[in-house]
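Below you'll find the structure, written out as structure tokens, and then a few comments.
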Amino acid sequence: MSLADAPREAALKAGSGRRGLMLILSSPSGAGKTTLTRMLLQTKELDLTLSISVTTRPRRHSEADGIHYHFITRRQFELMRDGGDLLEWAEVHGNFYGTPRAPVEAVLTQGRDILFDIDYQGTQQVRESAGPDVVTIFILPPSMRELRARLERRAEDSGETIAKRLDNARNEIARWEQYDYVLINDDIQRTFDDLLAIVTAERLRRPRVQPAIEDFVKRLLAE
């Protein structure tokens, strides 16, 4: 293995001794986050694990329990929240969402990376608790008109709910500066390619690959 290959090996191999990365994607509803998340997870060489959130909102017809969310009661959610079993939680559109702590920690300690699909409130909570393990990305729609059209094409929400989502979208978009990276999703493939570049670069940061590089440099200097 050459010096040039060493960081790449450390970025791709779970056994390098590095701690896993927490990759957070946020966006207004309808901006393409769900599609991009699916594309990332289907890229096998990335070996990303999706963090499955718990939520108190009703399940949509297109969703499966345990795959899209763990759908639980408000009482169950309150017990998890008050017991310290959630890494983050938030109330969105009158429903509660949260990330169970134990499954996330299990993945990170294996040296594997975990992908989060959470809003800005959850993102800030995770950043505060996890610090250098976290990389945050915000996905913007190309226009509010296109965002409305995407929500209407889904045909899953009432007109009242869509209007509420658009109002909430403006609040979320105004917080774009809180994120490490911001991408405008006017072309899904180009946005996905940008995401791949971000993941690769973040995995290659020196603090994350330092154990592998230290071993290599010792052997290099011993020659």
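The values are calculated or read from the model by the stated rules, or taken from the named source; none is laboratory data. Model, not experiment: these values are computed from the prediction. Reconstructed Cβ throughout: ideal geometry from the backbone, glycine too, with neighbour counts over all protein chains shown.
The table that follows gives values for the structure above.
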{"read-out": "Residue, modelled with the lowest pLDDT, within segment 87-104, restricted to residues that are surrounded by fewer than 16 Cβ atoms within 10 Å (Cβ to Cβ) and more than 15 Å from the chain's Cα centre (by Cα)", "value": "His93"}
{"read-out": "Residue within segment 114-132 that is among the charged types (D, E, K, R), exposed (fewer than 13 other Cβ atoms within 10 Å of the Cβ) and under 25 Å from Met39 (Cα atoms) present", "value": "no"}
{"read-out": "Considering residues of segment 27-38 that are crowded, with 18+ Cβ neighbours inside 10 Å and more than 22 Å from Lys164 (Cα to Cα) only, the residue farthest from the chain's Cα centre (by Cα)", "value": "Leu36"}
{"read-out": "Selection count, segment 191-223, where residues are out of contact with any Gly (no Cβ under 9 Å at 6 or more places or on another chain) and under 12 Å from Ile139 (Cβ atoms)", "value": "4"}
{"read-out": "Sole residue being over 20 Å from Glu177 (Cβ atoms), touching a Lys or Arg at 6+ places or on another chain (Cβ under 9 Å) and touching a residue at least 12 places away in the same chain (Cβ under 8 Å), chosen from Leu151, Leu147", "value": "Leu151"}
{"read-out": "Every residue from segment 79-90 that is among the acidic types (Asp, Glu) and either free of Cβ contacts under 8 Å to residues at least 12 places away in the same chain or in contact with a Ser or Thr (Cβ under 6 Å, 6 or more places away or on another chain) (or both)", "value": "Asp82, Glu88"}
{"read-out": "Residue check for Gln178: closer than 27 Å to Leu87 by Cβ, within 15 Å of the chain's Cα centre (by Cα) and touching a residue at least 40 places away in the same chain (Cβ under 8 Å)", "value": "yes"}
{"read-out": "Filtered residues of segment 57-93 (kept if over 25 Å from Arg127 (Cβ atoms) and not hydrophobic (A, V, I, L, M, F, W, C))", "value": "Pro58, Arg59, Arg60, His61, Ser62, Glu63, Asp65, Gly66, Thr73, Arg74, Arg75, Gln76"}
{"read-out": "Among residues of segment 64-78, those that are out of contact with any Ser or Thr (no Cβ under 7 Å at 6 or more places or on another chain), in a loop (DSSP other than H, G, I, E, B) and surrounded by 13 or more Cβ atoms within 10 Å (Cβ to Cβ), counted", "value": "1"}
{"read-out": "For Ala64: the one exception among (1) closer than 28 Å to Val199 by Cα; (2) over 18 Å from the mean Cα position of the chain (by Cα); (3) at pLDDT 95 or above", "value": "(3)"}
